[in-house]
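Worksheet for the structure shown next.
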Amino acid sequence: MKIIVMALVASSASSGPADSADVDMEDTPIGVFHVEESTEKAAGTNLKAAISADLIDLSELRAAAERPPVGETLRLTLEETIRLALENNPDIVIAAYEPEKAEAEMVAARGEFDPVLQQNISYADTSMSLDQRLRRYAGFSSIDSTSVSSETALGGKLHYGTRYAVQFDMNYEESTFDNFRGEYGGQLGLTLTQPLLRGFGRDINTIRIRAAGNLREISEAQTQLTVLNTVADVVKSYWDLAGAVEAVRVHEGALRNAERLLAVNEKRREIGTGADIDVLQAKAGVAMRQSELIAAYALIADAGDVLKLALNLQDEGRFSRTVIIPTDRPSPEPHDSFDVASMTENIEQGERAALALRPEMRMTDLEIANAELDEQRARDEMRPQLDIVGSYTRGGRDRRLGKTLSGVIEEQDSTYGLGVQGSVVIGNRAARGAHQRARLNRRQAEERQKKTEMMLMMGVHYAGRAVITNKALMESNQQTVLLQEANVNAEEKRLQLGVTTSYQVLRVQEDLTAAQVQELQARIAYEKALVDFQLATGTLLRDLSIDLGA
């Protein structure tokens, strides 16, 4: 009570004029002291309620932080995950159809040389009036005739541009001239047309087949590129899931540290060396760690869904609820695919590997080859047409069918023919324009190849620097974790000696958790950087012993 009065006096003295006299205790109303005493008691009560350890209820957070019940699980190594992706990934399954489609195009191109069989059968009944001179000579006024004819032809094209046609004709006719006595006629003929300029040669006539073969190889390279990118994405998704699992362990350790601190502060309060504020701060730390653990569990679910989508896991046509458990863990040990100590040599080797193994280089080579084929075809179209045409026909005629066929075989009638036919397009602007366009397309393909080479080499440099950077970050974060662990141990011992506060211990524990999370992220980033380097150099499938030809 005396302390309160002195404080009021001091307050009055400081707020009044400098020359005013001291306050007389006897002149101060007694009611003032009662009001101040009540106010101080109320403030003390409110402060006690404000720092009460019961303000934070951990029961609901604790229940939420408990790991949800795990249903069906699927434990997978990285190798098993890659094998499932090769079998089930939708992108790989879709890309696998492209070579088959290209093969179908090649079959269609070969169909250009398939022979064509034609058959025509006709019947005719004719009545024709004769003019007066014919009537006087023939002795009748009209001619009536009936005929049935059959034409069978087999024609096609050979690889050197030769066009052939074999034709067999048979007809039966009866008319007024012969008192409607029927007669058979047969004819077997062969016609050959050989280009000498435009369309001459096997190279020109098989351009479509060779172009289709190149397209098939392009589709195979595209499929390989899809597999390469998909496997890289699957491996990185696997490491993301493994990292999420490891992050849960980090946050579980942080929660245990916070709970241990809470237990220490509760014990200190029981023996009288601690206060409610210490317990309240420790509870706040536990609540924060529980919230972080809940968020870490959610990250596991998200990373698992990404991996399940890549593996196309389904439960009776629905998105799978299976929980994937990765059994492999990222390793900080040096990797065979990249020696950090020899970065320059690794980059140079990576460039050579990329130019030799990346599917894009094979694709650009084939695109140039097809552009050259188009240019060759356009150049051929600029030539004039000059063809040699030869024909041979033998036939027979008789009232009996057998005799007619025998006449055909025995060459009762025969005809030989040989000729030359040609044409020249004046100006030929269409062909010249097509040739110019084909030549420019080839140049574009060559420039695209140069650009692809530069991009691949740049990708190797970029990926190599990422490996170096993430390796350094991983090693740096490992040292930081060791330092923070030592800080936590030291700070907890200081708390036991009473020379620090719970708040400071919580801050040091937070620094440790942050360092552990960063170290884990650096390990995952290092593994993913190695995958990106293998992807950039085109060695990923080889390093994983994946043979697409098997």
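The values are calculated or read from the model by the stated rules, or taken from the named source; none is laboratory data. All figures in this text were calculated on a predicted structure; none of them were measured in a lab. Here Cβ is always computed from backbone atoms with ideal geometry, including for glycine, and neighbour counts include all displayed protein chains.
In a helix (DSSP H, G or I) and within 22 Å of L293 (Cβ to Cβ), is that true of E475?
In short, no.
Rundown of residues vs (1) out of contact with any Pro (no Cβ under 7 Å at 6 or more places or on another chain); (2) buried (at least 16 other Cβ atoms within 10 Å of the Cβ); (3) in contact (Cβ under 8 Å) with a residue 60 or more places away in the chain, yes/no style:
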residue	(1), (2), (3)
Q167	yes, yes, no
R181	yes, no, yes
F200	yes, yes, no
I204	yes, yes, yes
I207	yes, yes, yes
A212	yes, yes, yes
E217	yes, yes, yes
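Would you mind stating whether E351 is of a type in the set (D, E), closer than 30 Å to P99 by Cβ, at pLDDT 95 or above and out of contact with any Cys (no Cβ under 8 Å at 6 or more places or on another chain)?
Considered against the rule, which asks whether it is of a type in the set (D, E), closer than 30 Å to P99 by Cβ, at pLDDT 95 or above and out of contact with any Cys (no Cβ under 8 Å at 6 or more places or on another chain), E351 comes out as no.
With respect to L262, determine if the residue is in the same structural domain as T77 (by TED's automatic domain parsing), in contact (Cβ under 8 Å) with a residue 40 or more places away in the chain and of a type in the set (A, V, I, L, M, F, W, C).
no
Could you check, for the stretch 378-394, whether at least one of its residues is out of contact with any strand residue (DSSP E or B) (no Cβ under 7 Å at 6 or more places or on another chain) and surrounded by fewer than 17 Cβ atoms within 10 Å (Cβ to Cβ)?
yes
Restricting to the stretch 511-540, and then to whatever is in a helix (DSSP H, G or I) and hydroxyl-bearing (S, T, Y), can you tell me which residue is surrounded by the fewest Cβ atoms within 10 Å (Cβ to Cβ)?
For the stretch 511-540, the residue satisfying everything is T513.
Conditions: (1) in a helix (DSSP H, G or I); (2) assigned by TED's automatic domain parsing to the domain that holds G185; (3) within 28 Å of T193 (Cβ to Cβ). G433 meets all but one. Number of the miss?
(2) is the only condition that G433 fails.
If the requirement is being within 24 Å of the chain's Cα centre (by Cα) and either in a strand (DSSP E or B) or surrounded by fewer than 20 Cβ atoms within 10 Å (Cβ to Cβ) (or both), which of these qualifies: L307, L241, L355? Explain how you work it out, then say what you get.
Numbers: L307 fails: either in a strand (DSSP E or B) or surrounded by fewer than 20 Cβ atoms within 10 Å (Cβ to Cβ) (or both); L241 fails: either in a strand (DSSP E or B) or surrounded by fewer than 20 Cβ atoms within 10 Å (Cβ to Cβ) (or both).
The conditions single out L355.
Only one residue in T452, T393, T469, T415 is touching a Ser or Thr at 6+ places or on another chain (Cβ under 7 Å) and within 30 Å of E527 (Cβ to Cβ). Which one?
Only one candidate qualifies: T452.
Which one of these does I324 not meet: (1) in a helix (DSSP H, G or I); (2) under 30 Å from T73 (Cα atoms)?
Exception for I324: condition (1).
Which of the residues that make up the stretch 469-504 are at pLDDT below 85 and aliphatic (A, V, I, L, M)?
Selection gives L495, L497, V499.
So which of A445, A463, A434 ends up being aliphatic (A, V, I, L, M) and more than 29 Å from the chain's Cα centre (by Cα)?
Answer to the selection: A434.
If H251 meets every condition in (1) part of a helix (DSSP H, G or I); (2) under 24 Å from the mean Cα position of the chain (by Cα); (3) buried (at least 20 other Cβ atoms within 10 Å of the Cβ) apart from one, which number is that one?
All conditions pass for H251, except number (2).
Among T513, T539, which is the only one that is more than 27 Å from the chain's Cα centre (by Cα) and touching a residue at least 40 places away in the same chain (Cβ under 8 Å)?
Details: T539 fails: more than 27 Å from the chain's Cα centre (by Cα).
So the residue among T513, T539 that is more than 27 Å from the chain's Cα centre (by Cα) and touching a residue at least 40 places away in the same chain (Cβ under 8 Å) is T513.
Within the stretch 184-241, track down each residue that is outside the structural domain of T539 (by TED's automatic domain parsing) and more than 30 Å from A431 (Cα to Cα).
Result: Y184, G185, G186, Q187, L188, G189, L190.
State whether one or more residues within the stretch 398-406 are surrounded by 15 or more Cβ atoms within 10 Å (Cβ to Cβ) and outside any helix (DSSP H, G or I).
yes
Every residue in the stretch 488-510 that is assigned to a helix (DSSP H, G or I) and either surrounded by fewer than 16 Cβ atoms within 10 Å (Cβ to Cβ) or outside the structural domain of G274 (by TED's automatic domain parsing) (or both), please.
Residues satisfying the conditions are N489, A490, K493, R494, Q496, L497, Y503, Q504, R507.
Would you mention how many residues in the stretch 413-443 are more than 15 Å from D380 (Cα to Cα), of a type outside the set (K, R) and touching a helix residue (DSSP H, G or I) at 6+ places or on another chain (Cβ under 8 Å)?
Residues in the stretch 413-443 being more than 15 Å from D380 (Cα to Cα), of a type outside the set (K, R) and touching a helix residue (DSSP H, G or I) at 6+ places or on another chain (Cβ under 8 Å): 2 in total.
Would you confirm whether or not the stretch 73-90 contains a residue that is exposed (fewer than 14 other Cβ atoms within 10 Å of the Cβ), assigned by TED's automatic domain parsing to the domain that holds I294 and at pLDDT below 90?
Yes.
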